[in-house]
2 protein chains.
Amino acid sequence: MNDLAHYAQQTAANAQAASRALSIATGEQKIAWLHRTAELIRANFELLQAENERDLQKAPEYGLASAAIDRLRITDARLSGICDALEEVALLPDPVGEVIGSNPRPNGLLVTQVRVPLGVVFFIFESRPNVTVDAAALCVKSGNAVILRGGKEAFYSNQALHGLIKSALGETGLPEHAVQLVSTTDREAVGHFLGLDEFIDVTIPRGGKSLIERVANEATMPVIKHYDGICHVFIDKAADLQMARQIAVNSKCQRPGVCNAMETLLIHADVANQFWPEIAADLKAEGVELRCCDRSRQLTPDATAVTEEDYRTEYLELILSVRIVDDLAAAIAHINEYGSRHTDAIVTNDLSASTSFTGSIDSAAVHVNASTRFNDGGEYGLGAEIGISTDKFHARGPCGLRELTSYKYVVHGSGQIK
Amino acid sequence: MNDLAHYAQQTAANAQAASRALSIATGEQKIAWLHRTAELIRANFELLQAENERDLQKAPEYGLASAAIDRLRITDARLSGICDALEEVALLPDPVGEVIGSNPRPNGLLVTQVRVPLGVVFFIFESRPNVTVDAAALCVKSGNAVILRGGKEAFYSNQALHGLIKSALGETGLPEHAVQLVSTTDREAVGHFLGLDEFIDVTIPRGGKSLIERVANEATMPVIKHYDGICHVFIDKAADLQMARQIAVNSKCQRPGVCNAMETLLIHADVANQFWPEIAADLKAEGVELRCCDRSRQLTPDATAVTEEDYRTEYLELILSVRIVDDLAAAIAHINEYGSRHTDAIVTNDLSASTSFTGSIDSAAVHVNASTRFNDGGEYGLGAEIGISTDKFHARGPCGLRELTSYKYVVHGSGQIK
């Protein structure tokens, strides 16, 4: 076994031991740790910014673009935001120990299903330092030990933040290995961790598609995956025109670079002549490039022709595929064929159309008369999210505290035998 | 693409198309199918037994032992049992469409979490023909299409049963590809299915450890795994002696060849001198071979010495590892070290000991004053089970209808934008 393999195994074994202690820690202890971590961060803005400065100095070496450098920077406002987030997680209900089901049996056995932590989370992420603290907060609050593997671009920032997290663990009586930071940024190390399913219960990669694919292929434990968001809005014939205009523009333009932004607009043929020119004008005013089907292009002749490939593309910028469809069934068929099962919306005032749409669209989130942009742990009331899942197994959509838990059956009897 | 690969892809694509229709089928349709399948089986006992006879004739060629041949045989009583099971599944609550959570948001959005089918289940099993029908019933009732891959030993029996299942699907208006039987018993075919994660949402292997390992290694989609049951009973110092004797004997002897039978007995040192000789006598009277630690062996000198390896062994027969431990903490440490996280029990009248044990034992099922043998979907009130999971991700312990489902977020608004 080489040094990296040995290091990974030791780290993972330490995490498992810590997870056992953490799984029975009281809610009060975990809350105390969250508050203490926030206090330590507030008391160390200067130290943290000095360490962050070391990362910023090296950023050009790593070829980071200015947007990426901006995300890496730790400002006073961002540190305050990190501390506020810790205190918000402290206020969330503790998921561990919740009784999520029970069956009193005829023979007197009381069967209960009790929520428990998953155990050990291996969390792989890129360069935003706030994610380091968010992930630690969500994992510890849900009773899980976490192994954090940040990007090399944030090496010094992450070391400094982790130092404070670790101090707070010690001060509040929680195991110091509850939150570990992988001390090497060697990519080979990740491979060693991904084979340690006897210690690690789930891996969560947060980053680009190639990272997620690599992790999904190599990991021997479950992975919570977050792939493309090819999101649709369907304007039904019974839509309100004003509402349709606002939802279309908001879904596409409010933040086009994110997974829950709209990529394809579908319009019912019965209202296309009336609606499409107005919606198209709104979108063009926002600078959206339109790629249209033959029918919609007749109404907006300056648009380019959409291709099959476009319908399968997550643009992540101000480009939109547009298609006029004959009816609701054609809209559903289009979405189930070309979509990525992320977030899809209908705009309608017809109850039967709404019911069909929510029943037939096989996506993590189906919105009626609301922008696709609301698919988010905070907006859904989960409090905070460690990621969004495009899987159907275990967790689907935004992953908050509950999605970091499993359950066990606890059965109380009085001497029953079979 | 060779013929087998093409066949697998076509079968899986058909299943996915069927799953879309099935996911919005009404509960009434699914109930009608369950009843009609039972009727057709009741009307075709002779046909089914004739086809089963063809399998029985070939059984010696496959080297089946007499116990395996017995499991393969379709008797009148077994056919009645299969029909009764179908009618019991018909009576279970339909899981699809259940609202499992909701958050009314301050901006007026109503966020709901709605239970939906997983989609397509690939179910791999061995030679018991009743499993063919059980699995189809549970999958269809939960809105999933299923691809059944039975063992070659039951080829003709499965073909005949599937013929009736398919007729019933057609007669009740459900898609004929909702239940498909893999028509080849070529082992290579399984490998092709295991790569089709774009069509298949979960694979459930039911069989020996080598089958499960192969599937877990090759599958690109999630797998519900069922590994060893190294189950413990801990007799606490505050146990009732009579209860301890009965639970120990029942957990070990009532059916020693199954996963929820006890493999190791742990006894608190404070009561070992009094309890162990009596429990040992009960176990010996049932023919159990005892493998004892040094301390317990002093009280039962005719027992052999237990080894580290024994503590990690699932005997599945009338052999028992025995260890006297200093206290509750030592019992918990032993179980978390040597156990397989399946089913572990404590016998005690001490509330604090019971609370510590249920909190600290990281197993799918933790029993207080009840035999380990109760860990079972039927006994827990799930109605029926398609398997037992030793995973912590998605489903843990017995898997019934709910464990074959996912959820989606359905969000109703009135024009909200972000």
*Across the stretch A:1-52, what is the number of residues that are among the charged types (D, E, K, R) and out of contact with any helix residue (DSSP H, G or I) (no Cβ under 9 Å at 6 or more places or on another chain)?*
3
*Would you point out the residue of the stretch A:25-55, among those that are surrounded by 15 or more Cβ atoms within 10 Å (Cβ to Cβ) and in a loop (DSSP other than H, G, I, E, B), that is farthest from the other protein chains (Cβ to nearest Cβ)?*
A:Asn44
*Output the number of residues of the stretch A:399-416 satisfying the condition of being within 8 Å of chain B (Cβ to nearest Cβ) and not hydroxyl-bearing (Ser, Thr, Tyr).*
7
*Name the pairs: first residue in the stretch B:21-42 and on the phi > 0 side of the Ramachandran plot, second residue modelled with pLDDT under 95 and assigned to a helix (DSSP H, G or I), Cβ to Cβ under 6 Å, at least 6 apart or on different chains?*
none
*asked:* Take the conditions away from chain B (no Cβ under 11 Å) and more than 21 Å from the chain's Cα centre (by Cα) and apply them to A:Glu98. Does it pass?
replied: yes
*Output the residue which, of all residues in the stretch B:226-235 that are closer than 20 Å to B:Leu351 by Cβ and more than 12 Å from chain A (Cβ to nearest Cβ), is surrounded by the fewest Cβ atoms within 10 Å (Cβ to Cβ).*
B:Phe234
_Verdict on A:Thr348 being under 21 Å from B:Ser406 (Cβ atoms), more than 9 Å from chain B (Cβ to nearest Cβ) and not charged (D, E, K, R)_ = no
*Residues being farther than 16 Å from A:Asn103 by Cβ and part of a helix (DSSP H, G or I): count how many of those fall in the stretch B:358-385.*
5
_Criterion (under 16 Å from the mean Cα position of the chain (by Cα) and not in a loop (DSSP other than H, G, I, E, B)) met by exactly one of B:Ile335, B:Ile324, B:Ile388_ = B:Ile388
*Condition test on A:Ala395, is it within 30 Å of B:Asn260 (Cβ to Cβ), in contact with a helix residue (DSSP H, G or I) (Cβ under 8 Å, 6 or more places away or on another chain), modelled with pLDDT of 95 or more and more than 8 Å from every other protein chain (Cβ to nearest Cβ)?*
yes
*List the pairs whose first member sits in the stretch B:290-306 and is at negative phi, whose second member is surrounded by fewer than 17 Cβ atoms within 10 Å (Cβ to Cβ), and whose Cβ atoms are under 6 Å apart, counting only residues at least 6 apart or on separate chains?*
B:Arg291/B:Thr304; B:Leu299/B:Pro277
*In the stretch B:200-218, what residues are farther than 14 Å from B:Ala12 by Cα, in contact (Cβ under 8 Å) with a residue 12 or more places away in the chain and within 13 Å of chain A (Cβ to nearest Cβ)?*
B:Ile204, B:Glu218
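Listed here are the residues, each with its yes/no results for (1) surrounded by 14 or more Cβ atoms within 10 Å (Cβ to Cβ); (2) small (Gly, Ala, Ser); (3) at pLDDT 95 or above.
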{"position": "B:Val322", "(1), (2), (3)": "yes, no, yes"}
{"position": "B:Ala329", "(1), (2), (3)": "no, yes, yes"}
{"position": "B:Gly339", "(1), (2), (3)": "yes, yes, yes"}
{"position": "B:His342", "(1), (2), (3)": "yes, no, yes"}
{"position": "B:Thr348", "(1), (2), (3)": "yes, no, yes"}
{"position": "B:Phe357", "(1), (2), (3)": "yes, no, yes"}
*Identify all residues within the stretch A:376-386 that are in contact (Cβ under 8 Å) with a residue 24 or more places away in the chain and either of a type in the set (S, T, N, Q) or surrounded by 22 or more Cβ atoms within 10 Å (Cβ to Cβ) (or both); write none if there are none.*
A:Ile386
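Based on what the data block shows, is A:Gln10 modelled with pLDDT of 95 or more, in a helix (DSSP H, G or I), buried (at least 16 other Cβ atoms within 10 Å of the Cβ) and away from every other protein chain (no Cβ under 14 Å)?
Taking the combined requirement at face value, the residue does not satisfy it.
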*Can you give me the number of residues within the stretch B:237-291 that are part of a helix (DSSP H, G or I), more than 14 Å from chain A (Cβ to nearest Cβ) and small (Gly, Ala, Ser)?*
5
*Among (1) at pLDDT 95 or above; (2) within 24 Å of A:Gly207 (Cβ to Cβ); (3) of a type in the set (A, V, I, L, M, F, W, C), where does A:Leu110 come up short?*
(2)
*asked:* Looking at the stretch A:359-375 only, could you name the residues that are within 9 Å of chain B (Cβ to nearest Cβ), touching a residue at least 12 places away in the same chain (Cβ under 8 Å) and of a type outside the set (A, V, I, L, M, F, W, C)?
replied: A:Ser360, A:Asp362, A:Ser363, A:His367, A:Asn369, A:Ser371, A:Arg373, A:Asn375
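Every residue, every condition in (1) at pLDDT 95 or above; (2) surrounded by 24 or more Cβ atoms within 10 Å (Cβ to Cβ); (3) outside the structural domain of B:Asp362 (by TED's automatic domain parsing); (4) of a type in the set (A, V, I, L, M), yes or no:
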| site | (1), (2), (3), (4) |
| --- | --- |
| B:Glu218 | no, no, yes, no |
| B:Lys237 | yes, no, no, no |
| B:Leu241 | yes, no, no, yes |
| B:Ala244 | yes, yes, no, yes |
| B:Ile247 | yes, yes, no, yes |
| B:Cys259 | no, no, no, no |
| B:Met262 | yes, yes, no, yes |
| B:Glu278 | yes, no, no, no |
| B:Arg297 | yes, no, no, no |
*For A:Val89, indicate whether it is within 15 Å of B:Val366 (Cβ to Cβ) and either assigned to a strand (DSSP E or B) or more than 13 Å from chain B (Cβ to nearest Cβ) (or both).*
no
*Go through the stretch A:162-182 and give me each residue that's surrounded by fewer than 18 Cβ atoms within 10 Å (Cβ to Cβ) and in contact (Cβ under 8 Å) with a residue 40 or more places away in the chain.*
A:Ser167, A:Glu171, A:Gly173, A:Glu176
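The values are calculated or read from the model by the stated rules, or taken from the named source; none is laboratory data. In this text, all values refer to a predicted model and were calculated from it rather than measured experimentally. Cβ: placed from backbone, ideal geometry, glycine included. Neighbour counts: every protein chain shown.
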